[in-house]
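Here is the structure we will look at.
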Amino acid sequence: MLRKILINFFIFISFYTNANAVAGTPAAVAACNGAIGGPSSAVRVLMNTITSIYNILPIKIAGVSITPSMGLEDIAGKSAPICYCATPFPRIGIPIELWEPNAIIDVSNIPNCVPTLGMSLPIGVVAGSSFQEINKENTQNKESYQITYIKYPLFKMLSLFLDILCMDMDGSVDIAYLSTIDPFWQNDMWSIIINPDAFLFANPIAQFACIPDSVTSQLGFPLDPLYWCFGSWNQTFPLTKATNGISSPEAAMAIASKTLFKLHRQFMLWGSIGDLGLCGKYPMPIMRKSQYTMYPVFPLMPHPFRIPIGRSGMIWSPGQDIPVVNAHVWSIMTYKKRNCCAL
């Protein structure tokens, strides 16, 4: 099975490497290859996601853990012994809970650099800007990032949990969102057009209210009602490329969290937890932060466990920001809490 996965990846890498040679600008390809080490980064990402598969734990059936937690944190779910779903057909099942690895967010200060695919995407950048113009901005400000959201259905790739009806088994490795072609990602004012509630939290009172969220994210999970806060990673808004006042590893995680929130706001991502999530996905325009944890799978993984949104980098980031080794290009696996009514 692993051999088949690796073969498919090498074919994929070969195809896009040839595409890079044709369509990618020399400056973009050179900068990206220097940062990620070329197509080999795709294999590193794949192997790191497989060796860290334990992050799906704990697995619970009817609220009772059937696996060791291994120190991994969890949120409370359904404890009833049975569940009922009317769609896609009426059925009675057993509630199951786990953390599903379903996407990787590549965060980079080099536009269109995607270590998960081992390549620089052969496309242009926003509003006709050249690679040199955007790269100059990003290299001058290490806290300004572009992202690529990649569907990465690890369960399907490894043939795990395929018989559970409500698991997300559709599709394959695919780019679902690319920030460099999104003008709302580049400009704070433009972002407000689709996030007008950002005005409500642009004041000291709203910022002061984030202190409890920061505290709880160090001890467990962030406070979902304070959706404008990202714990120790500053505020949620604006949902753009910029962060400030935090370390580079924290900035990368904050940008990944902003991406998740933005895609929920645009109904590209849906909810999966609680009673509503037992029978399938449902609209969640205001993301519940506790639904997600994240884990950096490229370039370094010194911290062993997935990380709740907002947790201080002092706990998990030592060794994540080594000069030369990490060129401010990250691949971050997202783990989505699933409550599922299984047959």
Just the residues that are closer than 23 Å to F261 by Cβ, of a type outside the set (F, W, Y) and out of contact with any Leu (no Cβ under 9 Å at 6 or more places or on another chain), please, taken from the range 312-324. S312, G313, I315, S317
Of (1) at pLDDT 85 or above; (2) assigned to a loop (DSSP other than H, G, I, E, B); (3) crowded, with 20+ Cβ neighbours inside 10 Å, Q320 satisfies every one except (1)
Would a scan of the range 235-255 turn up a residue that is surrounded by fewer than 24 Cβ atoms within 10 Å (Cβ to Cβ), in contact with an Asp or Glu (Cβ under 9 Å, 6 or more places away or on another chain) and assigned to a strand (DSSP E or B)? yes
Taking the conditions exactly as written (assigned to a loop (DSSP other than H, G, I, E, B), under 24 Å from C113 (Cβ atoms), under 13 Å from the mean Cα position of the chain (by Cα) and not β-branched (V, I, T)), does L260 satisfy them or not? no
Do you know which residues across the range 301-317 are of a type in the set (V, I, T) and assigned to a loop (DSSP other than H, G, I, E, B)? I309
For the range 176-197, which positions are in contact with a Pro (Cβ under 6 Å, 6 or more places away or on another chain) and either of a type in the set (A, V, I, L, M) or modelled with pLDDT of 95 or more (or both)? none
Of the residues P101, P153, P122, only one is modelled with pLDDT under 90, out of contact with any His (no Cβ under 6 Å at 6 or more places or on another chain) and under 30 Å from G63 (Cβ atoms); which? P153
Picked from the range 184-202 (must be free of Cβ contacts under 8 Å to residues at least 60 places away in the same chain and β-branched (V, I, T)), the residue farthest from K258 (Cα to Cα) is I193
Condition check: aromatic (F, W, Y), buried (at least 21 other Cβ atoms within 10 Å of the Cβ), out of contact with any Leu (no Cβ under 8 Å at 6 or more places or on another chain) and under 16 Å from I332 (Cα atoms). Does F298 satisfy that? yes
Taking the range 55-91 as the search range and keeping residues that are among the β-branched types (V, I, T) and assigned to a loop (DSSP other than H, G, I, E, B), which one is surrounded by the most Cβ atoms within 10 Å (Cβ to Cβ)? I75
Take the residues in the range 211-222 that are under 19 Å from the mean Cα position of the chain (by Cα) and modelled with pLDDT of 95 or more, then tell me which one is surrounded by the fewest Cβ atoms within 10 Å (Cβ to Cβ). F221
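The values are calculated or read from the model by the stated rules, or taken from the named source; none is laboratory data. Computed from a predicted structure; not experimentally measured. Here Cβ is always computed from backbone atoms with ideal geometry, including for glycine, and neighbour counts include all displayed protein chains.
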